[in-house]
Amino acid sequence: MSKEKQPSIDPVVIVTLGILLVAIAVAMIAFPSDSNSINIAADSGLISQIIVAFFTGLTTGGLSCLAVQGGLLASSLARQIEQDYVEQTAQNKKKQKASIRTNSALPIALFLLSKLVAYTLLGALLGWLGSYLTFSPMTRALLMIAIGIFMVGNALRMFNVHPIFRYFSIEPPKFITRYIRKTAKGTDTATPLFLGFLTVFIPCGVTQAMMATALGTGSMAMGAVLMFAFTLGTSPVFFIVAYLTTELGAKLEKFFMRFVAVLVLILGFVTLDSGLNLMGSPLSLQNLTRNWFPSQAEANPVADSAQGEIILNVQNGGYFPATLKVPAGQDFTLNLVTDQTYSCARDFVIPALNFYKLLPDTGTVQVTIPAQKAGSTIFFTCSMGMYTGQIVFE
Amino acid sequence: MLRKTFKIPDMTCTNCAMKIESLEDDLDGVQEINASYHKLEMVIEYDEATLNEEQIIAAVRKKGYTAIPA
């Protein structure tokens, strides 16, 4: 019925937009040297963390949140649109399209504004809670693995692979859904505001990951800023897609959900892999492929290994060399050398030794590695499980 | 009051369950609806003097879903 008034916007345009945004985020991560320019401030790690949070929101966060919370937004818009439609049909059929467009923007904006405030407060609360908790790299690894499994399960649910995956979707208690429903009936500005606030109860997988990060900051202010940046990042995609979805209807929604499912699946595997890296597992993709294709691993330009000293360059783009070959059966000192390093590579972790240290942006930190048997391998990684490397004892 | 279970095979998320439960407000004679996305079903408690199975199926269809008596 309403299909006749749909504007001719190809869903491919929306998908292209999404891909473009993802590409920007990937580029930001792949070329961290660019981040030097934004790391002028003394607490540059903090700033880059905020920027990463923003871009995560802008790309994946916006899409995956929309998949989970889109329904709530739709509920707040449904009445508005329905009312506009009825009113305009009664008045003048020719004007109805323009009216729907004009009126749907305000509730979306109010919804997003409220969501922003809610998540900032949630971030503050998590940061405050985090100040009472300390997350070891192992705890964070387990958390990441759990989040990864949750995301993969959710993606498989969206693809309708097997009924079991439906259980990856958390059903809110009946009293909450009933309350939301009653609230969504209103057409005043308070409704989208309130529903936006309620999104804190149905966070998507990426948001949950960001919430875990906010918890990990252990600071009320930092937690709040991080969640603010992330939620702000989600807003443009949320707004654009939600706005167009109300115009295009179910056709786009179905198409869009598939796209989100693919993204969530990829992200789920990435998160899972990062968790495995952070655990020091040889089963992570990076560690597996490094062992399968040893030629790809950088050779061992080991410095002074005979003297029991070895250098590992910690750079914005990772660890060099990624593979260190050292003699077995003797202790050695690992010199971690940073030179204007601002990426998460600075957050150095050796899971097997339970070693974790935030390195200075420029300087050298020494770590004593105890003697290991020949043929054994110790993995090291950044605290996000993004950059990895290994020490091979031979 | 009658209590009946319907299979709703085309639910795709928990929000669908919420939409179906909104029939509580739209349909006269409904006491309570519990819809579950996990089970792809809804349990409806209704007054058989006011409402019948066909009307329920039609109302669910109007929401965009298919209700099949279990």
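Every number here is computed from the coordinates shown, using simple stated rules; none is lab data. Keep in mind that this is a model prediction, so the values were computed, not measured. With ideal geometry, Cβ positions are generated from the backbone for all residues, glycine too; neighbour counts draw on all protein chains shown.
Springs join every pair of Cα atoms under 10 Å in this Gaussian network model of chain B, and among B:Glu41, B:Glu32, B:Glu54 the largest mean-square fluctuation is at B:Glu54.
Remark: relative contact order (chain B) = 43 percent; criterion is Cα-Cα distance under 8 angstrom and separation of 6 or more residues. Gyration tensor over the Cα atoms of region B:2-69: the corresponding equivalent ellipsoid has semi-axes (square roots of 5 times the eigenvalues, largest first) of 18, 11, 11 Å. Among the listed pairs B:Lys39/B:Lys63; A:Lys174/B:Lys62; A:Lys115/B:Lys62; A:Lys174/B:Lys19, which are separated by more than 20 Å between their Cα atoms? Going by Cα-Cα distance, A:Lys174/B:Lys62; A:Lys115/B:Lys62 fall outside the 20 Å limit.
In this rough spin-label picture, where each label sits 7 Å from Cα along the Cβ direction, the A:Val337-B:Ala49 distance is 9.0 nm.
Only four residue types carry charge here, +1 at the Cβ of Lys and Arg and -1 at the Cβ of Asp and Glu. Report the dipole size of region B:2-69 about the Cα centre in Debye, rounded to the nearest 20.
Roughly 380 debye for region B:2-69.
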